[in-house]
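Here's the structure we're looking at; comments come further down.
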Amino acid sequence: MSALHYWNYPTEIFCGPGALESLAQRCTLLGMRNPLLVTDPGMLGLEPFALLKSHLTQADIVFSVFSDVASNPSMADVAHGVAAFKAGRHDSLIALGGGSAMDAAKGISLAAVDARGLERFEWSQVMAHYPTLADFPRLGLPPLIALPTTAGTGSELGREAVLTQTEQNIKRVISHPELLPATVILDPLLTRGLPPALTAATGMDALTHHIEAFCSPLYHPMSSGVAVEGIRLIRQHLVDACEDGQNMGAREGMLIASAMAAVAFQKGLGGVHALAHPLGARYHKHHGLLNAILLPYVLIANRETISVDIGRLARYLELEQPDFEGFLAWVLVLRKRLGIPHSLSEIGLDAGAADWVGEQALADISSSDTNACALDAADYSQIFRNAVQGVLQGVQA
Ligand SMILES: [Zn+2]
(Lines give C-alpha, C1' and ligand atoms only; values in the text may rest on other atoms or scores of the structure.)
Protein backbone atom coordinates (compact mmCIF):
# COMPACT_ATOMS: atom_id res chain seq x y z
CA MET A 1 0.00 0.00 0.00
CA SER A 2 3.01 2.27 -0.02
CA ALA A 3 2.96 3.16 -3.74
CA LEU A 4 1.16 6.19 -5.17
CA HIS A 5 -2.11 5.50 -7.01
CA TYR A 6 -4.25 7.36 -9.50
CA TRP A 7 -8.02 6.90 -9.32
CA ASN A 8 -10.94 8.67 -10.91
CA TYR A 9 -14.72 8.04 -10.69
CA PRO A 10 -17.29 8.80 -13.38
CA THR A 11 -20.46 10.65 -14.23
CA GLU A 12 -24.17 11.36 -13.47
CA ILE A 13 -26.57 8.45 -13.81
CA PHE A 14 -30.37 8.40 -13.92
CA CYS A 15 -31.60 4.90 -13.20
CA GLY A 16 -34.92 3.07 -13.01
CA PRO A 17 -38.03 2.26 -15.07
CA GLY A 18 -39.04 5.52 -16.76
CA ALA A 19 -35.61 7.17 -16.34
CA LEU A 20 -35.91 8.03 -20.04
CA GLU A 21 -38.27 10.83 -18.93
CA SER A 22 -35.24 12.81 -17.73
CA LEU A 23 -33.74 12.94 -21.24
CA ALA A 24 -35.26 16.18 -22.55
CA GLN A 25 -34.37 18.09 -19.40
CA ARG A 26 -30.77 16.82 -19.52
CA CYS A 27 -30.52 17.83 -23.19
CA THR A 28 -31.63 21.35 -22.26
CA LEU A 29 -29.28 21.59 -19.28
CA LEU A 30 -26.35 20.41 -21.40
CA GLY A 31 -27.18 22.96 -24.12
CA MET A 32 -27.92 20.24 -26.68
CA ARG A 33 -30.00 21.95 -29.36
CA ASN A 34 -29.44 19.66 -32.31
CA PRO A 35 -28.16 16.21 -31.31
CA LEU A 36 -27.17 13.43 -33.69
CA LEU A 37 -28.83 10.24 -32.51
CA VAL A 38 -26.44 7.33 -33.10
CA THR A 39 -27.89 3.84 -33.10
CA ASP A 40 -27.48 0.59 -34.99
CA PRO A 41 -29.75 -0.31 -37.93
CA GLY A 42 -31.42 -3.17 -36.01
CA MET A 43 -32.72 -0.67 -33.46
CA LEU A 44 -34.74 1.40 -35.95
CA GLY A 45 -37.82 -0.84 -35.88
CA LEU A 46 -37.72 -1.51 -32.15
CA GLU A 47 -39.53 -0.10 -29.12
CA PRO A 48 -36.59 1.80 -27.54
CA PHE A 49 -36.07 3.81 -30.73
CA ALA A 50 -39.79 4.62 -30.96
CA LEU A 51 -39.87 5.64 -27.27
CA LEU A 52 -36.82 7.86 -27.63
CA LYS A 53 -38.04 9.45 -30.84
CA SER A 54 -41.43 10.31 -29.41
CA HIS A 55 -39.82 11.67 -26.26
CA LEU A 56 -37.50 13.98 -28.20
CA THR A 57 -40.27 15.05 -30.58
CA GLN A 58 -42.65 15.88 -27.73
CA ALA A 59 -39.92 18.00 -26.14
CA ASP A 60 -39.38 19.85 -29.47
CA ILE A 61 -35.77 18.74 -29.69
CA VAL A 62 -34.53 18.73 -33.27
CA PHE A 63 -32.37 15.71 -34.10
CA SER A 64 -31.35 13.42 -36.92
CA VAL A 65 -30.46 9.75 -36.92
CA PHE A 66 -27.23 8.04 -37.91
CA SER A 67 -27.56 4.25 -37.97
CA ASP A 68 -24.80 3.12 -40.34
CA VAL A 69 -23.04 1.28 -37.52
CA ALA A 70 -21.77 -2.33 -37.73
CA SER A 71 -22.04 -4.65 -34.74
CA ASN A 72 -18.28 -4.25 -34.33
CA PRO A 73 -18.11 -0.55 -35.30
CA SER A 74 -15.26 0.30 -37.65
CA MET A 75 -13.13 3.35 -38.26
CA ALA A 76 -15.04 3.69 -41.56
CA ASP A 77 -18.38 3.79 -39.70
CA VAL A 78 -16.98 6.60 -37.59
CA ALA A 79 -15.85 8.51 -40.68
CA HIS A 80 -19.38 8.27 -42.13
CA GLY A 81 -20.78 9.42 -38.80
CA VAL A 82 -18.46 12.41 -38.72
CA ALA A 83 -19.69 13.38 -42.19
CA ALA A 84 -23.31 13.17 -40.95
CA PHE A 85 -22.45 15.13 -37.80
CA LYS A 86 -20.86 17.92 -39.81
CA ALA A 87 -23.46 17.94 -42.58
CA GLY A 88 -26.25 18.31 -40.02
CA ARG A 89 -24.33 20.95 -38.04
CA HIS A 90 -24.95 18.93 -34.91
CA ASP A 91 -23.77 20.15 -31.53
CA SER A 92 -24.09 16.99 -29.47
CA LEU A 93 -24.77 13.24 -29.56
CA ILE A 94 -27.22 10.76 -28.12
CA ALA A 95 -26.22 7.09 -28.23
CA LEU A 96 -28.99 4.50 -28.12
CA GLY A 97 -28.01 0.84 -28.25
CA GLY A 98 -25.36 -1.56 -27.08
CA GLY A 99 -21.63 -1.07 -27.13
CA SER A 100 -21.51 -0.62 -30.90
CA ALA A 101 -23.75 2.47 -30.91
CA MET A 102 -22.04 3.98 -27.89
CA ASP A 103 -18.52 3.33 -29.15
CA ALA A 104 -19.43 4.69 -32.59
CA ALA A 105 -20.91 7.84 -31.01
CA LYS A 106 -17.75 8.34 -28.96
CA GLY A 107 -15.57 7.86 -32.04
CA ILE A 108 -17.69 10.36 -34.00
CA SER A 109 -17.48 12.90 -31.18
CA LEU A 110 -13.69 12.66 -31.05
CA ALA A 111 -13.00 12.52 -34.79
CA ALA A 112 -15.42 15.40 -35.51
CA VAL A 113 -13.34 17.69 -33.30
CA ASP A 114 -9.84 16.28 -33.71
CA ALA A 115 -9.03 14.89 -37.17
CA ARG A 116 -6.11 12.80 -35.84
CA GLY A 117 -7.88 11.92 -32.60
CA LEU A 118 -8.41 8.24 -33.36
CA GLU A 119 -4.67 7.79 -33.90
CA ARG A 120 -3.25 9.93 -31.16
CA PHE A 121 -5.59 8.63 -28.48
CA GLU A 122 -5.16 4.98 -29.45
CA TRP A 123 -4.25 3.04 -26.34
CA SER A 124 -0.51 2.54 -27.01
CA GLN A 125 -0.16 6.31 -27.55
CA VAL A 126 -2.17 7.03 -24.42
CA MET A 127 0.07 4.74 -22.35
CA ALA A 128 3.13 6.56 -23.67
CA HIS A 129 1.92 10.17 -23.40
CA TYR A 130 -1.03 10.54 -21.02
CA PRO A 131 -0.40 8.64 -17.78
CA THR A 132 -3.32 10.28 -15.92
CA LEU A 133 -6.59 11.86 -17.04
CA ALA A 134 -5.21 15.30 -16.22
CA ASP A 135 -2.45 14.85 -18.82
CA PHE A 136 -4.83 14.68 -21.78
CA PRO A 137 -5.30 17.83 -23.84
CA ARG A 138 -8.76 19.42 -23.42
CA LEU A 139 -10.65 19.08 -26.69
CA GLY A 140 -14.11 20.45 -25.88
CA LEU A 141 -15.89 17.40 -27.31
CA PRO A 142 -19.64 17.71 -27.91
CA PRO A 143 -21.75 16.39 -25.01
CA LEU A 144 -22.98 12.83 -25.24
CA ILE A 145 -25.95 11.22 -23.49
CA ALA A 146 -25.85 7.42 -23.43
CA LEU A 147 -28.90 5.16 -23.22
CA PRO A 148 -27.86 1.51 -23.20
CA THR A 149 -30.35 -1.03 -24.55
CA THR A 150 -28.23 -3.98 -23.50
CA ALA A 151 -26.69 -4.76 -20.14
CA GLY A 152 -23.15 -5.84 -20.87
CA THR A 153 -20.61 -3.53 -22.41
CA GLY A 154 -20.61 -0.81 -19.76
CA SER A 155 -19.44 1.60 -22.47
CA GLU A 156 -21.87 4.18 -21.06
CA LEU A 157 -19.58 4.61 -18.08
CA GLY A 158 -16.30 4.29 -19.97
CA ARG A 159 -13.83 6.74 -21.44
CA GLU A 160 -12.93 4.31 -24.21
CA ALA A 161 -14.27 3.33 -27.59
CA VAL A 162 -13.40 0.00 -29.18
CA LEU A 163 -13.25 0.39 -32.96
CA THR A 164 -12.27 -2.15 -35.61
CA GLN A 165 -9.63 -1.43 -38.20
CA THR A 166 -11.26 -3.53 -40.87
CA GLU A 167 -8.29 -3.94 -43.27
CA GLN A 168 -6.14 -5.47 -40.55
CA ASN A 169 -8.90 -7.21 -38.55
CA ILE A 170 -7.65 -5.44 -35.44
CA LYS A 171 -9.64 -3.82 -32.67
CA ARG A 172 -8.29 -0.46 -31.55
CA VAL A 173 -9.06 0.98 -28.14
CA ILE A 174 -9.40 4.76 -28.23
CA SER A 175 -9.29 6.58 -24.93
CA HIS A 176 -9.92 10.15 -23.83
CA PRO A 177 -11.54 11.46 -20.63
CA GLU A 178 -14.04 13.54 -22.60
CA LEU A 179 -15.41 10.37 -24.22
CA LEU A 180 -17.20 9.69 -20.95
CA PRO A 181 -20.88 10.49 -21.53
CA ALA A 182 -22.09 13.62 -19.73
CA THR A 183 -25.24 11.79 -18.64
CA VAL A 184 -26.17 8.12 -18.54
CA ILE A 185 -29.78 6.95 -18.52
CA LEU A 186 -30.25 3.38 -17.30
CA ASP A 187 -33.88 2.59 -18.06
CA PRO A 188 -34.81 -1.10 -17.91
CA LEU A 189 -37.82 -0.40 -20.17
CA LEU A 190 -35.26 0.03 -22.96
CA THR A 191 -33.85 -3.47 -22.46
CA ARG A 192 -37.05 -5.50 -22.05
CA GLY A 193 -37.20 -6.54 -25.71
CA LEU A 194 -33.66 -7.94 -25.78
CA PRO A 195 -33.88 -11.64 -26.77
CA PRO A 196 -32.69 -14.25 -24.23
CA ALA A 197 -29.53 -15.24 -26.17
CA LEU A 198 -28.36 -11.62 -26.36
CA THR A 199 -29.33 -10.99 -22.75
CA ALA A 200 -27.18 -13.98 -21.82
CA ALA A 201 -24.16 -13.04 -23.97
CA THR A 202 -24.14 -9.39 -22.89
CA GLY A 203 -24.70 -10.34 -19.26
CA MET A 204 -21.75 -12.73 -19.41
CA ASP A 205 -19.68 -9.87 -20.86
CA ALA A 206 -20.52 -7.80 -17.77
CA LEU A 207 -19.67 -10.74 -15.52
CA THR A 208 -16.34 -11.16 -17.30
CA HIS A 209 -15.57 -7.45 -16.85
CA HIS A 210 -16.13 -7.76 -13.11
CA ILE A 211 -14.16 -10.99 -12.71
CA GLU A 212 -11.19 -9.79 -14.78
CA ALA A 213 -11.15 -6.45 -12.94
CA PHE A 214 -11.37 -8.22 -9.59
CA CYS A 215 -8.45 -10.49 -10.54
CA SER A 216 -6.30 -7.67 -11.99
CA PRO A 217 -3.13 -7.20 -9.94
CA LEU A 218 -3.43 -3.38 -10.09
CA TYR A 219 -4.13 -1.84 -6.69
CA HIS A 220 -7.54 -0.14 -6.74
CA PRO A 221 -9.63 -1.21 -3.75
CA MET A 222 -12.64 0.96 -4.71
CA SER A 223 -12.91 -0.84 -8.05
CA SER A 224 -12.36 -4.21 -6.38
CA GLY A 225 -15.31 -3.49 -4.09
CA VAL A 226 -17.49 -2.48 -7.02
CA ALA A 227 -16.55 -5.72 -8.82
CA VAL A 228 -17.52 -7.91 -5.89
CA GLU A 229 -20.97 -6.35 -5.54
CA GLY A 230 -21.43 -6.31 -9.33
CA ILE A 231 -20.81 -10.07 -9.48
CA ARG A 232 -23.36 -10.57 -6.70
CA LEU A 233 -25.95 -8.58 -8.67
CA ILE A 234 -25.30 -10.66 -11.78
CA ARG A 235 -25.63 -13.86 -9.77
CA GLN A 236 -28.95 -12.54 -8.48
CA HIS A 237 -30.40 -11.23 -11.75
CA LEU A 238 -28.90 -12.66 -14.94
CA VAL A 239 -30.85 -15.93 -15.13
CA ASP A 240 -34.13 -14.15 -14.29
CA ALA A 241 -33.50 -11.47 -16.94
CA CYS A 242 -32.91 -14.22 -19.53
CA GLU A 243 -35.87 -16.38 -18.52
CA ASP A 244 -38.34 -13.49 -18.21
CA GLY A 245 -37.40 -10.46 -20.25
CA GLN A 246 -40.30 -8.50 -18.74
CA ASN A 247 -38.90 -8.83 -15.21
CA MET A 248 -38.05 -5.17 -14.66
CA GLY A 249 -36.27 -5.82 -11.37
CA ALA A 250 -33.91 -8.29 -13.04
CA ARG A 251 -33.44 -6.03 -16.07
CA GLU A 252 -32.61 -3.07 -13.83
CA GLY A 253 -30.26 -5.17 -11.71
CA MET A 254 -28.38 -6.21 -14.84
CA LEU A 255 -28.19 -2.64 -16.19
CA ILE A 256 -26.71 -1.48 -12.88
CA ALA A 257 -24.28 -4.41 -12.72
CA SER A 258 -23.18 -3.78 -16.29
CA ALA A 259 -22.56 -0.08 -15.67
CA MET A 260 -20.73 -0.89 -12.45
CA ALA A 261 -18.45 -3.20 -14.41
CA ALA A 262 -17.06 -0.27 -16.38
CA VAL A 263 -16.22 1.38 -13.06
CA ALA A 264 -14.60 -1.84 -11.89
CA PHE A 265 -12.50 -2.28 -14.99
CA GLN A 266 -10.68 0.94 -14.43
CA LYS A 267 -8.53 -1.69 -12.70
CA GLY A 268 -8.02 -3.31 -16.09
CA LEU A 269 -9.22 -6.44 -17.85
CA GLY A 270 -7.38 -9.67 -18.53
CA GLY A 271 -6.80 -12.71 -20.69
CA VAL A 272 -10.44 -13.30 -21.64
CA HIS A 273 -10.63 -9.91 -23.31
CA ALA A 274 -7.10 -10.21 -24.70
CA LEU A 275 -8.31 -13.28 -26.59
CA ALA A 276 -11.85 -12.08 -27.38
CA HIS A 277 -10.70 -8.86 -29.07
CA PRO A 278 -8.68 -10.48 -31.91
CA LEU A 279 -11.18 -13.35 -32.22
CA GLY A 280 -14.05 -10.87 -32.55
CA ALA A 281 -12.19 -8.86 -35.18
CA ARG A 282 -11.22 -11.93 -37.22
CA TYR A 283 -14.30 -14.14 -36.95
CA HIS A 284 -17.01 -11.50 -36.36
CA LYS A 285 -18.50 -13.33 -33.40
CA HIS A 286 -20.38 -11.58 -30.60
CA HIS A 287 -17.98 -10.16 -28.03
CA GLY A 288 -20.02 -11.30 -25.03
CA LEU A 289 -20.46 -14.79 -26.44
CA LEU A 290 -16.71 -15.14 -26.99
CA ASN A 291 -16.03 -13.97 -23.43
CA ALA A 292 -18.64 -16.33 -22.03
CA ILE A 293 -17.04 -19.30 -23.76
CA LEU A 294 -13.44 -18.28 -22.95
CA LEU A 295 -13.96 -17.34 -19.28
CA PRO A 296 -13.44 -20.76 -17.58
CA TYR A 297 -10.34 -21.55 -19.67
CA VAL A 298 -8.67 -18.29 -18.64
CA LEU A 299 -9.72 -18.73 -14.99
CA ILE A 300 -7.95 -22.08 -15.05
CA ALA A 301 -4.80 -20.55 -16.62
CA ASN A 302 -4.79 -17.95 -13.80
CA ARG A 303 -5.78 -20.40 -11.08
CA GLU A 304 -2.57 -20.37 -9.04
CA THR A 305 -2.48 -16.58 -8.81
CA ILE A 306 -6.17 -15.94 -8.15
CA SER A 307 -7.36 -18.85 -6.02
CA VAL A 308 -7.08 -17.04 -2.66
CA ASP A 309 -8.94 -13.94 -3.91
CA ILE A 310 -11.54 -16.05 -5.70
CA GLY A 311 -12.09 -17.97 -2.45
CA ARG A 312 -12.84 -14.66 -0.70
CA LEU A 313 -15.22 -13.69 -3.52
CA ALA A 314 -16.91 -17.10 -3.36
CA ARG A 315 -17.54 -16.61 0.36
CA TYR A 316 -19.11 -13.19 -0.29
CA LEU A 317 -21.34 -14.79 -2.95
CA GLU A 318 -22.31 -17.48 -0.43
CA LEU A 319 -21.47 -20.25 -2.87
CA GLU A 320 -21.99 -23.75 -1.57
CA GLN A 321 -18.31 -24.54 -2.09
CA PRO A 322 -16.56 -21.25 -1.27
CA ASP A 323 -13.24 -21.75 -3.09
CA PHE A 324 -11.78 -21.58 -6.61
CA GLU A 325 -13.29 -24.93 -7.63
CA GLY A 326 -16.71 -23.89 -6.32
CA PHE A 327 -16.54 -20.58 -8.17
CA LEU A 328 -15.50 -22.28 -11.42
CA ALA A 329 -18.33 -24.77 -11.00
CA TRP A 330 -20.80 -21.87 -10.54
CA VAL A 331 -19.55 -20.21 -13.76
CA LEU A 332 -19.90 -23.50 -15.66
CA VAL A 333 -23.43 -24.14 -14.37
CA LEU A 334 -24.46 -20.55 -15.12
CA ARG A 335 -23.11 -20.79 -18.68
CA LYS A 336 -25.01 -24.03 -19.23
CA ARG A 337 -28.24 -22.64 -17.82
CA LEU A 338 -27.95 -19.65 -20.17
CA GLY A 339 -27.41 -21.92 -23.18
CA ILE A 340 -23.83 -20.73 -23.80
CA PRO A 341 -21.76 -23.27 -25.79
CA HIS A 342 -18.87 -24.90 -23.92
CA SER A 343 -16.28 -24.68 -26.70
CA LEU A 344 -15.31 -22.33 -29.52
CA SER A 345 -15.63 -25.21 -32.01
CA GLU A 346 -19.38 -25.16 -31.32
CA ILE A 347 -19.54 -21.67 -32.86
CA GLY A 348 -17.45 -22.69 -35.86
CA LEU A 349 -13.88 -21.84 -34.84
CA ASP A 350 -10.96 -24.22 -35.27
CA ALA A 351 -7.46 -24.08 -33.82
CA GLY A 352 -5.72 -23.41 -37.15
CA ALA A 353 -4.92 -19.79 -36.31
CA ALA A 354 -3.70 -20.54 -32.75
CA ASP A 355 -0.26 -18.95 -33.28
CA TRP A 356 -1.79 -15.75 -34.69
CA VAL A 357 -4.33 -15.65 -31.88
CA GLY A 358 -1.56 -16.02 -29.29
CA GLU A 359 0.46 -13.15 -30.73
CA GLN A 360 -2.55 -10.87 -31.07
CA ALA A 361 -3.74 -11.62 -27.55
CA LEU A 362 -0.31 -10.83 -26.15
CA ALA A 363 -0.32 -7.49 -27.98
CA ASP A 364 -3.82 -6.62 -26.71
CA ILE A 365 -4.26 -3.89 -24.12
CA SER A 366 -5.97 -6.33 -21.74
CA SER A 367 -2.93 -8.56 -21.45
CA SER A 368 -0.43 -5.75 -20.87
CA ASP A 369 -0.10 -5.81 -17.11
CA THR A 370 -3.60 -6.39 -15.89
CA ASN A 371 -4.16 -10.11 -16.40
CA ALA A 372 -3.80 -11.80 -13.03
CA CYS A 373 -0.51 -13.46 -14.00
CA ALA A 374 1.96 -13.00 -16.84
CA LEU A 375 0.96 -14.99 -19.92
CA ASP A 376 3.06 -15.24 -23.10
CA ALA A 377 1.92 -15.83 -26.68
CA ALA A 378 2.35 -19.60 -26.32
CA ASP A 379 0.15 -19.56 -23.18
CA TYR A 380 -2.57 -17.67 -25.05
CA SER A 381 -2.32 -20.06 -28.00
CA GLN A 382 -2.75 -22.99 -25.61
CA ILE A 383 -5.75 -21.39 -23.86
CA PHE A 384 -7.29 -20.80 -27.30
CA ARG A 385 -6.72 -24.45 -28.30
CA ASN A 386 -8.27 -25.60 -25.02
CA ALA A 387 -11.28 -23.35 -25.61
CA VAL A 388 -11.68 -24.65 -29.18
CA GLN A 389 -11.57 -28.26 -27.97
CA GLY A 390 -13.48 -27.70 -24.72
CA VAL A 391 -10.60 -28.96 -22.54
CA LEU A 392 -10.72 -27.70 -18.93
CA GLN A 393 -7.23 -28.62 -17.76
CA GLY A 394 -7.04 -30.15 -14.29
CA VAL A 395 -10.82 -30.16 -13.80
CA GLN A 396 -12.60 -33.41 -12.95
CA ALA A 397 -15.42 -34.10 -15.37
ZN1 LIG B 1 -16.15 -6.91 -22.73
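When we screen Ser74, Ser54 for residues that are closer than 30 Å to Glu122 by Cβ and either out of contact with any helix residue (DSSP H, G or I) (no Cβ under 8 Å at 6 or more places or on another chain) or open to solvent by less than 60 Å² (accessible area, probe 1.4 Å) (or both), the only hit is Ser74.
Residues are listed down the side, and each one gets a yes or a no for (1) touching a Pro at 6+ places or on another chain (Cβ under 6 Å); (2) modelled with pLDDT of 95 or more:
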position	(1), (2)
Ala59	no, no
Val65	no, yes
Val78	no, yes
Phe85	no, yes
Gly98	no, no
Ala101	no, yes
Ser109	yes, yes
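Quick one: would you say Ser258 is open to solvent by less than 10 Å² (accessible area, probe 1.4 Å), within 25 Å of Thr11 (Cα to Cα) and more than 14 Å from the ligand (Cβ to nearest atom)? It is false that Ser258 is open to solvent by less than 10 Å² (accessible area, probe 1.4 Å), within 25 Å of Thr11 (Cα to Cα) and more than 14 Å from the ligand (Cβ to nearest atom). Only one of the numbered conditions (1) within 30 Å of Ala115 (Cβ to Cβ); (2) at pLDDT 95 or above; (3) out of contact with any helix residue (DSSP H, G or I) (no Cβ under 6 Å at 6 or more places or on another chain) is violated by Arg172, and that is (2).
This table checks each residue for (1) open to solvent by 20 Å² or more (accessible area, probe 1.4 Å); (2) in the same structural domain as Arg159 (by TED's automatic domain parsing); (3) aromatic (Phe, Trp, Tyr).
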{"residue": "Phe63", "(1), (2), (3)": "yes, yes, yes"}
{"residue": "Lys86", "(1), (2), (3)": "yes, yes, no"}
{"residue": "Leu96", "(1), (2), (3)": "no, yes, no"}
{"residue": "Ile108", "(1), (2), (3)": "no, yes, no"}
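A count restricted to segment 271-290 and to residues that are closer than 18 Å to Arg159 by Cα and either away from the ligand (no atom under 14 Å from the Cβ) or open to solvent by less than 10 Å² (accessible area, probe 1.4 Å) (or both) stands at 1. What is the residue count in segment 114-129 for residues that are touching a residue at least 40 places away in the same chain (Cβ under 8 Å) and not in a helix (DSSP H, G or I)? Count: 2. Can Ala354 be described as over 24 Å from the mean Cα position of the chain (by Cα) and either within 16 Å of the ligand (Cβ to nearest atom) or surrounded by 16 or more Cβ atoms within 10 Å (Cβ to Cβ) (or both)? Judged against the criteria, Ala354 is a match.
If you scan segment 307-332, which residues turn out to be within 18 Å of Arg232 (Cβ to Cβ), aliphatic (A, V, I, L, M) and either in a helix (DSSP H, G or I) or within 16 Å of the ligand (Cβ to nearest atom) (or both)? Ile310, Leu313, Ala314, Leu328, Ala329, Val331, listed by residue number.
Checking the structure you have, find out if any residue of segment 228-246 is over 13 Å from the mean Cα position of the chain (by Cα) and modelled with pLDDT under 95. So far as segment 228-246 goes, no, none of its residues is over 13 Å from the mean Cα position of the chain (by Cα) and modelled with pLDDT under 95. Identification of strands (runs of 3 or more DSSP E) wholly contained in segment 132-229 with 1 or more residues that are open to solvent by 10 Å² or more (accessible area, probe 1.4 Å), touching a residue at least 60 places away in the same chain (Cβ under 8 Å) and among the basic types (Lys, Arg) yields 170-175.
Let's see how each residue does on (1) closer than 18 Å to Gly203 by Cβ; (2) among the polar types (S, T, N, Q); (3) touching a residue at least 24 places away in the same chain (Cβ under 8 Å); (4) assigned by TED's automatic domain parsing to the domain that holds Glu229:
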site	(1), (2), (3), (4)
Tyr297	no, no, yes, yes
Ser307	no, yes, no, yes
Arg315	no, no, no, yes
Val331	yes, no, yes, yes
Asp350	no, no, yes, yes
Asp355	no, no, yes, yes
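The requirement of being within 16 Å of the ligand (Cβ to nearest atom) and surrounded by 18 or more Cβ atoms within 10 Å (Cβ to Cβ) is not satisfied by Ala241.
Scanning segment 340-394 for residues that are farther than 15 Å from Val272 by Cα and of a type in the set (D, E, K, R) yields Glu346, Asp350, Asp355.
Scanning segment 205-238 for residues that are away from the ligand (no atom under 16 Å from the Cβ) and closer than 18 Å to Pro322 by Cβ yields Ser224, Val228, Glu229, Arg232, Arg235, Gln236.
Within segment 291-298, identify whether any single residue is farther than 19 Å from Gly394 by Cβ and either open to solvent by 40 Å² or more (accessible area, probe 1.4 Å) or within 13 Å of the ligand (Cβ to nearest atom) (or both), and answer yes or no. Yes. Being in contact with a strand residue (DSSP E or B) (Cβ under 8 Å, 6 or more places away or on another chain) and away from the ligand (no atom under 16 Å from the Cβ) holds for only one residue in Thr183, Thr164, and it is Thr183.
The values are calculated or read from the model by the stated rules, or taken from the named source; none is laboratory data. Computed from a predicted structure; not experimentally measured. Every residue, glycine as well, gets a Cβ built from its backbone with ideal geometry; the counts of neighbours run over all protein chains shown. Note: accessible area is taken over every heavy atom of the protein model, side chains too, but ligands, DNA and RNA are not part of it. Shrake-Rupley method; radii C 1.70, N 1.55, O 1.52, S 1.80 Å.
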